Structures are given as structure tokens and as C-alpha cells.
There are 6 protein chains.
Amino acid sequence: MRLPRFLTPRTLVSAHCDLPCGVYDPAQARIEAESIKALAEKYQASSDPEFRTRALIIKEQRAELVKHHLWVLWTDYFKAPHFEKYPHLHTLFNEATKLAGAGGAKGSADPEVADRLLAKIEEISKIFWETKQA
Amino acid sequence: MRLPRFLTPRTLVSAHCDLPCGVYDPAQARIEAESIKALAEKYQASSDPEFRTRALIIKEQRAELVKHHLWVLWTDYFKAPHFEKYPHLHTLFNEATKLAGAGGAKGSADPEVADRLLAKIEEISKIFWETKQA
Amino acid sequence: MRLPRFLTPRTLVSAHCDLPCGVYDPAQARIEAESIKALAEKYQASSDPEFRTRALIIKEQRAELVKHHLWVLWTDYFKAPHFEKYPHLHTLFNEATKLAGAGGAKGSADPEVADRLLAKIEEISKIFWETKQA
Amino acid sequence: MRLPRFLTPRTLVSAHCDLPCGVYDPAQARIEAESIKALAEKYQASSDPEFRTRALIIKEQRAELVKHHLWVLWTDYFKAPHFEKYPHLHTLFNEATKLAGAGGAKGSADPEVADRLLAKIEEISKIFWETKQA
Amino acid sequence: MRLPRFLTPRTLVSAHCDLPCGVYDPAQARIEAESIKALAEKYQASSDPEFRTRALIIKEQRAELVKHHLWVLWTDYFKAPHFEKYPHLHTLFNEATKLAGAGGAKGSADPEVADRLLAKIEEISKIFWETKQA
Amino acid sequence: MRLPRFLTPRTLVSAHCDLPCGVYDPAQARIEAESIKALAEKYQASSDPEFRTRALIIKEQRAELVKHHLWVLWTDYFKAPHFEKYPHLHTLFNEATKLAGAGGAKGSADPEVADRLLAKIEEISKIFWETKQA
């Protein structure tokens, strides 16, 4: 079980650029996915065609950011021992990034799809924080 | 005084794209600034010219991201009533973004400069979370 | 009153990247805002849904560029003494960037909104050129 | 001598954007990786510090493009049945993108590292074309 | 059936970044143009307004990439002697990039327009490969 | 002969995005080239390796922007009748963009190279303003 956020020391948070600096945080993907959910809700609540077009433009960008942040975690943070310990981790990331793409949050403006994406990110986040405390 | 993170309901977190979706989070700027600090420390600890050049390339990008995330908060999240309640808020953002630029984290590879940037972001973050709970 | 453009020596124009190089010019924001106005006019004059969608896509990008160019001026060009001399300068930039965002040129395809954005940029430009000649 | 273009059937090439359009081609990653190899060779052959710094700047960008093109193939092109048929495919992509990153072509200016990256991309390419002809 | 990769000599392929690395390949523009054609076909075949908006968003990006890849070939690969030997080369590139823009693949979702763009790229490609073998 | 800037009505300035909006202005390329010149001067005047590396990083970006702004003018603004009237216009743009690239302002940190680039842009600008008044 993942420890609540407030019990995870901030100094553990490290590297997300590709020097690598060692600062990674699944919050980056989560924040963009929360944005997607809010966009989808506002899209559904509106009947203004200009607003709806703008919502789709921005949702496309946010979903691309979700994919990028998840790809970075998958390639740059997680190492061979992690993939051995969590054998479904590859599949989890593949499904999560697919859920941010055409078959998920890009292709759909349904807030429920965004919820499923958020749930996948939460699963990844849980594993991430477990590995940080190992 | 800012409430500890674990007491701030997640549903309050909202909008950071410019629909607006209503999801903003100063953590975006903070994570990039933590990356800058780690880059600066690795830069100082290394004598490999290739590594040091790469650190400067990446630090430049991360510092630009800090500026961008802060600018978004300043323009898109904070409204006139906030600026009335916190009269130094304009100056605070102006100084924070300057600290991420040429006169700060871009121009210097000193981890202490990154610390000052992180402190400014923390000040902004504190005000941000106060306004979220108002 | 701002001096007409042809009386402002070109050698005064300086710095807009973050070395800093010292070449700044509010014309960068103005050209993008003029583009937004033209896009809005063409949007209103057209009934072709493909054309209108493309106009919204491009307007979104141009408005983001306006925000970026203004943010760079606010953070990188203007210094503490400027903000003392022009106490409303923070508010002016905050309003101008808001006018380029969701509550302005991004959120609306009304050419009149683009006109208001252009007027704000002109106010900034006037102060900018005054400070270049001081 | 190069074989004439008209002998390579065009209809096999398909989809790489996230509509999805259905046009994917590992050549995109390969071309960037060939660029990295050439950059590394020129870097090693030069003693001009300006040239070498520019080579590192550009290599960083090209390596990021390799990662991106590979991530797109992994998430958007390959589906569950492919991963069942090629059980090492996840690992192959994870290793290939790591080889384009800090532990590979980003972190090293050794042409031999670029060769290893090219070999990984060739492995992926082989599987890709097998699946296209199935 | 596709010809095996090993029959197309790799050493002919050269430079596309601006070090320059010497690796250029018109395939980069062609792949994006094929994507545009597929997008246009899917756009025409769909009556879902969300899907159609997404197709226009992505087509705009792909068309910009076509322009960029062609501009790089025109400026960075082709030299004065090439323009002497192929006097219509300037016009060919100018027309091809226009065909990727507002008067072509950006402005139209007609697959036939994408076909004309592909034909222009093929003309450029033919000349490109002639010069590589000279 | 080109009319001085102050005699060219602002309403003539039009289109630079690819809707097209009709707002073009060679000032965009010129401002970036002025930045390159300033960067080169500061590079030559400094002996600080960090500062010099940063100058090269930023110069690379600015030179890319010069190329982009010029390419947009060449493809999107200038039409067949212009190329007939100014037969050297293709060559002028090809040389100008080459001067912003590896064989010019990217490859060299010599301010004199930036001056040659600025002179080419001025030649283009002169023709541009002639055609706006025709």
C-alpha cells in the first residue's frame, strides 16, 4: 500500500530530466490528466461551438503531455530491477499511455475516460512511491 | 500559515490550461526548480566537459519551464481580488521569474541560486494554497 | 507621449533572449495580436466550418505567443526602477496577458476583443520606448 | 548502388499520428539515430570548442526525437496481440529508449553508442515490418 | 512484398540537422504527407464532429512538419551547383511548401490535395536521390 | 526605392500565420538576427565558459527562428508574380536562410557574420515593402 503523500519525505523526490537530474514525480502526469477531466466536463456542459472546439484543441495538448510524462517515467526512472519486481509494469505503462491517446482521452471527451486514465496514473504512482522508499 | 498538503482536499486543485480548465498547481514550477538544483549540484561535482555542457543545456530548458509555469499562475490563476489582498504578489512573481532567468538559475550553476528560487516558489505556493481555501 | 517610430533610433532596440542579449521589441507581441485581429475578422466573415475550426486552432497559438512575448518583456526587460516609475505597470501587463488568454483573445473570436488587446500592447509599447530613451 | 524507390511498395507504410492516421514508419527513429552517429563522429574529429558545443546541443535534440518516435511506435502502433507474439518487445523498446537517453546517445558522444542504438532500432524495425506483412 | 532493408545501402543516406550532420532524407516529408492523406480520408469518411475537429487539429501539425522538412532540404541540403543543374528546383520547393500550407493541405481536407502534395515531394525526392548518386 | 518605415501605413502590414491571416513583417526575422549579433558580441567579450556555452545554446535557437520567419515569408507571403518581378528572390532567400544556418550564424559566433545576415534580411525587407505598396 502506498503511504499517504504527507508521509513521503520530499527529499526522496528526485530527477526527471535526462541529464539525469534524478527528480521524477508522477504528479506531472496526474495534473495534466486532471486538466483533461475538467476539460471534458466543461466540454459536455457547453453548447457553444467555439468553446467546444477550444476544449478539443487544449485536450489534445494536455493528453500529449500526459503521454510524455509517463514515457519519461517508464524509460528514465524505472530500471530493470523494477520491471522484475513489478512484472505488469510494462503493460501498465503501455495501457496508461494508450488511455491518454486516440483510444482514450484524446479520442473521447467523456469525463469517465479521464477517470480511467487518472486511475491508471494512480496505479503507476503507487508503484513509483513504493520504489522510492525501498 | 499554509495548511499542510495532506489537509488540502484534492478536489480543490483545479484548472491550469487556458480554456480555462481550472487546474493549477505550483508543484509544476517547484518540480522543475528542484531539477535545476540537482543539475547545478551535479554540474559542480563533475569535471567532465561533455557532462557539464549537457547540464547547462538542460538547465536552460528547465529554467524556461519554471518561468512558464509561474507566468501561467500569475496571469491565469490569480485575479484582481488576490492582488488587492496580497499587494506584494506582483513583485513576488516578477522576482521569482527573474530568479529563474539570466540573473538567476539560467545565468548561474550555483545550487544556492536554485535554493533561492525554490524559496520564492514556496512563498508563491503558500499564497496559492491560502487562496484555494478561502 | 511616445515618439513616432521613425524618431526612435534603431540602435536603441536591444536584448530579448535570456542571455540576455539585450534586444527587446514590443513589436513581437503586436504583430501576433494583429494576426489575431485578422483571424477574428476572417472567422466572422466565413461560414465554412473547416475554415472556422482552423481559425480557432491558429488563434489559440497566436494568443499564446502574445502572452509569451509580453511575459518576456515584463520579467526580462523591465527592472525595479521601471516598476517604481510606472506603478501601474504590473497591472498593465497582468491585464494585457489576461486579455490574450481565456477571458480575451483566446476565448473570443470578436475582433473588438483583439482591438482591446492591441490597445493594451500599445500602452506597454509607449512605456517601453520611453524607458529606452531615458 | 541504391535500389530504385519504385521497388519498395508504398502501401505497406502506415499511420503515425494520434488520430490515428495509421501511418507509422521506424525510419523516423532511424534517420535521427543516423544523425546522432554522424554528430558523434564529427564531434570526435573536431577540436574546435564551439563546434563541439554545437554538436552536443544538436545531439541532445536528435536523441529526444529518437525517444519520441520510438515511444509513439510502442504506445500507438503496437497492440496487445503484438506484445503476446513478441514477449521481449516491451524490454526491447525500454532498452532502445534508454539507449537514446542519458545512459546512451545523450550521455555519450561515442559513435559506437550510436551504433548500438541503431542496432536496437533495426531489431524493432524488423518486428514492425513482420507485423505489417502478417 | 517489401524488399529487404539490407539491399538499400545505408551510406547513401546523409545529414539533416544543422551542425550539419549530413543526414538528409525526403522520407521525412513524405511520411508526414502520407499521414495528411490518411487524415483527409478519415475526415471525409466520418460524420462525428469531435473526430473531424481532431483530424483538422492534427492535419495542421502534420502539414507544418511537411513544410519544415522541405525547407530544411531546400536550405541545408541543396547547394548552388544543384540549383544550377536543376533550374526549376526553387520553384518546385516553393510550390511544394505552398501545397502543404493554407492553399493546399492545411486549407483543404480533400485527399486529392494530399495526393498532389505527395507527387511534388516525389519529384523532389527523385532529384535528391540523383544528386546523392552523382 | 523603399519608403521610410514611418510612411508605410500600418494597415498595410498583414497576415503571417497560415490561415492565412495576411499579417507578415520581416521585422520578426530582423529582431532575432539583431539578437544573434548581440549574442555574438557578448560571446566574444566574455571568457566565462558557462556564459559562452549559454550564448551558443541561445544563438542556435535564435538562428532557427530567423530561418523559420524567412521560410514563412518565402513560402506564404511571396507569390508567383513576385518571383517573376524579382528573379533573384529565390536565391536571396536561399542565401539568407543558409546564412542563418551551419554555414553562417549557427556555425559562427563572429558578429560580422551576423551583420551579413542582417544585410540579407534588409534586402528582403526592402523588396517586401515594395510589394506591399504596389
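The values are calculated or read from the model by the stated rules, or taken from the named source; none is laboratory data. Predicted model only: the values in this text are computed from it and were never measured. Positions of Cβ are generated from backbone atoms using ideal geometry, with glycine treated the same way; all protein chains shown enter the neighbour counts. Note: accessible area is taken over every heavy atom of the protein model, side chains too, but ligands, DNA and RNA are not part of it. Shrake-Rupley method; radii C 1.70, N 1.55, O 1.52, S 1.80 Å.
With Cα atoms defining each centre, the range A:67-84 and the range C:46-124 are spaced 39 Å apart in the structure. For the set E:K37, E:K132, the ranking by accessible area, highest first and with no ligand, DNA or RNA atoms included, is E:K37, E:K132 under a 1.4 Å probe. Provide the FRET efficiency to the nearest 0.05 for the F:H82-D:H88 pair, computing r from the beta carbons and using R0 = 41 Å. E(calc), rounded to 0.05, equals 0.10. A simple packing score, the average count of other Cβ atoms within 10 Å per residue, orders the peptides B:79-87, A:83-91 as A:83-91, B:79-87, with the highest score first. Across the identical copies, the 7 Å label point of B:Y86, projected outward along Cα→Cβ, sits 2.5, 3.4, 5.1, 5.1, 5.8 nm from its counterparts, in ascending order.
How much net charge surrounds A:Y24 when only the other residues with a Cβ under 9 Å from the Cβ of A:Y24 are counted, with Lys and Arg +1 and Asp and Glu -1? All intermediate terms of the calculation are to be shown ahead of the outcome.
Numbers: positive: A:K132; negative: A:D25, A:D76.
With Lys, Arg at +1 and Asp, Glu at -1, the net is -1.
Across the range A:97-108, computed HN-Hα scalar couplings (Karplus, 6.51 cos²θ - 1.76 cosθ + 1.60, θ = phi - 60°) run 5, 4, 5, 8, x, 4, x, x, 5, 6, x, 10 Hz from first to last residue, x flagging Gly and Pro. Would you mind checking the range C:51-71 for residues with the amide N under 19 Å from a putative spin-label position 7 Å along Cα→C-beta of E:Q44? Zone members listed by number: C:51. Here the Karplus curve 6.51 cos²θ - 1.76 cosθ + 1.60, taken at θ = phi - 60°, turns the phi angles of the range E:83-95 into couplings of 5, 6, 6, 10, x, 8, 5, 4, 4, 4, 5, 4, 5 Hz, with x standing for Gly and Pro.
With 22 Å as the limit, the listed pairs C:K59/E:K106; A:K67/D:K98; D:K132/E:K59 have D:K132/E:K59 beyond it between alpha carbons.
Using a 1.4 Å probe on the protein chains only, how many percent of the accessible area of chain C belongs to carbon and sulfur? Spell out each step's value before the answer.
Working: 2870 of 5030 Å².
After summing per-atom areas, the C and S share lands at 57 percent.
Taking the C-alpha atoms only, the angle from helix F:111-133 to the longest principal axis of chain F is near 10 degrees.
Between the helical axis of C:27-45 and the longest alpha-carbon principal axis of chain C there is an angle of about 20 degrees. Across identical copies of the chain, E:D115 has label-point separations of 4.7, 4.7, 4.7, 5.5, 6.8 nm, listed in ascending order, with the point defined 7 angstrom from Cα along Cα→Cβ. Taking only the C-alpha atoms of chain B, the Rg (one decimal) and the largest Cα-Cα distance, Dmax (whole number), read 15.8, 51 Å. Calculate how steeply helix A:49-72 sits against the longest principal axis of the alpha-carbon atoms of chain A, using the helix alpha-carbon long axis, and give the answer as 0 to 90 degrees to the nearest 10. Helix A:49-72 sits at roughly 10 degrees to that axis. Spread over its residues, the convex hull of the C-alpha atoms of the range E:65-134 is 74 Å³ per residue.
Order C:E122, B:E60 by their accessible area, 1.4 angstrom probe, all chains in place, largest first.
Working: C:E122 70, B:E60 15 Å².
So the residues, ranked largest to smallest area, are C:E122, B:E60.
For the residues of A:32-39, the average number of beta carbons from a partner chain within 10 Å of their own beta carbon is 6. Contact with the other protein chains removes 40 Å² or more of accessible area, compared with the isolated chain and a 1.4 Å probe, from these residues of the range E:75-90: E:T75, E:H90.
Once backbone amide H atoms are built at 1.01 Å from N, C:K106 has C:G101 as its partners under 5 Å, excluding neighbours fewer than 5 places away on the same chain.
Give the accessible surface of the protein assembly as shown per residue, rounded to a whole number of Å², with probe radius 1.4 Å and ligands, DNA and RNA excluded. Display every interim value, and only then the final one.
Working: 30350 Å² over 804 residues.
On a per-residue basis, the protein assembly as shown sits at 38 Å².
May I ask for the equivalent-ellipsoid semi-axes of the protein assembly as shown, computed as the square root of five times each C-alpha gyration tensor eigenvalue and listed largest first in whole Å? Show your work: numbers first, answer last.
Details: eigenvalues 251, 249, 157 Å².
Values for the protein assembly as shown, descending: 35, 35, 28 Å.
Using a cut-off of 9 Å between beta-carbons, work out the net charge of the residues near F:S35 (Lys and Arg +1, Asp and Glu -1, F:S35 not included). Charge balance near F:S35 sits at +1.
At a probe of 1.4 Å, how much accessible area disappears from chains B and F on forming the pair, both sides counted, to the nearest 100 Å²? For B against F, buried area totals roughly 600 Å².
Close amide H pairs (under 5 Å, H built 1.01 Å from N) link D:Y24 with D:S14, D:A15, D:H16, residues at least 5 positions away or on another chain.
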